[in-house]
1. Within the range 68-110, which trypsin sites (Lys or Arg not before Pro) sit in a loop by DSSP and count at most 15 neighbouring Cβ atoms inside 10 Å?
2. Determine, for each peptide in 57-64, 20-27, the mean count of other beta carbons within 10 angstrom over its residues, then list the peptides with the highest first.
3. So what are the radius of gyration and Dmax for the Cα set of the range 17-102, in Å?
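Where a number appears in this text, it was derived from the coordinates with a stated rule and is not lab data. Quantities reported herein were computed from a predicted structural model and do not represent experimental measurements. Here Cβ is always computed from backbone atoms with ideal geometry, including for glycine, and neighbour counts include all displayed protein chains.
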Amino acid sequence: MKTPEPSKENPSTPNKREFTGTDNPRHLRAIAALLHRPLPRENLDTVAGCSNGPELVAELRRRGLEVPCRRINFVDRDGCICRPGVYFLTLADRRKLHQWQAKRKQGGAV
């Protein structure tokens with residue numbers, strides 16, 4: 001079986017789309033917190049008021065944000081090395097959010 005040829009599409013194209021906005025309170029709390037600082041999944045769950053932070057981030061990604069997850073080196077309370085993920089906003093995400101917030105204040109977006 002032949003391997004399929006790689007797509008000729010520009011992989012950065014989806015990231016250039018506009019943030020579609022949200023009125024979901026969990027999304028809004030997560031966005032507000034991420035605008036202040038990067039958050040580990042556990043903290044994102046607490047701040048947003050959800051129990052599945054990765055799905056909440058997936059929802060934000062489907063709405064046009066990147067919200068990458070960087071793996072960090074960490075030693076847990078038992079002394080074991082682990083690599084938890086920390087979510088953060090890219091500069092492009094921040095621009096999209098600031099543009100969306102400006103439209104929202106004018107009454108033109110969700």
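1. On the way: sites: 70, 71, 77, 94, 95, 96, 103, 104, 105; in loops: 77.
Answer by residue number: 77.
2. Numbers: 57-64: 17.2, 20-27: 15.2.
Ranked from most to least packed, the peptides come out as 57-64, 20-27.
3. Rg and Dmax of the range 17-102, Cα atoms, are 13.5, 46 Å.
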